[in-house]
Amino acid sequence: MASKNIHTKHEEELKKRIKEKDLELIKEKEKRKSIEEKVKTEVSEFKKQFASRTLKLMTSGFGLVAALAWNELIKELISQYVKPFFGKESGLVSLLIYAIAVTALAVFVTYQLSKIAEENKEE
């Protein structure tokens, strides 16, 4: 009878250990699942940010190229039409006209883009 009690206690101890191990495994699985979800969320956010910033960089690059093209056009127009009108000493006048033309163009384009952005917000 004593060996039966010892045997029963041993079985109960084994069952308790198995239960504890099962609980540990369940906690580990939950922890791993939580980490996987966090990683998936961060990867998804990274992809969105990467695409967004790449788009901004490319748009800025093309904007710079467009600005440089306009710069060359305005310079050429001033060179062909303003300099002959004012003569050889038209350097300062040409630069002033150039600065005014570029400023006016920048204000006009910025104003038009602002209006378009506001219309898109309202929709």
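The values are calculated or read from the model by the stated rules, or taken from the named source; none is laboratory data. Values in this document were obtained by computation on a predicted structure and should not be read as measured data. Reconstructed Cβ throughout: ideal geometry from the backbone, glycine too, with neighbour counts over all protein chains shown.
A few notes on this one:
- Qualifying residue in region 100-115 (condition: in a helix (DSSP H, G or I) and modelled with pLDDT under 85): no
- Conditions (1) hydrophobic (A, V, I, L, M, F, W, C); (2) closer than 21 Å to residue 63 by Cβ; (3) surrounded by 13 or more Cβ atoms within 10 Å (Cβ to Cβ); number of the one not met by residue 104: (3)
- Qualifying residue in region 68-87 (condition: within 26 Å of the chain's Cα centre (by Cα) and at pLDDT 90 or above): yes
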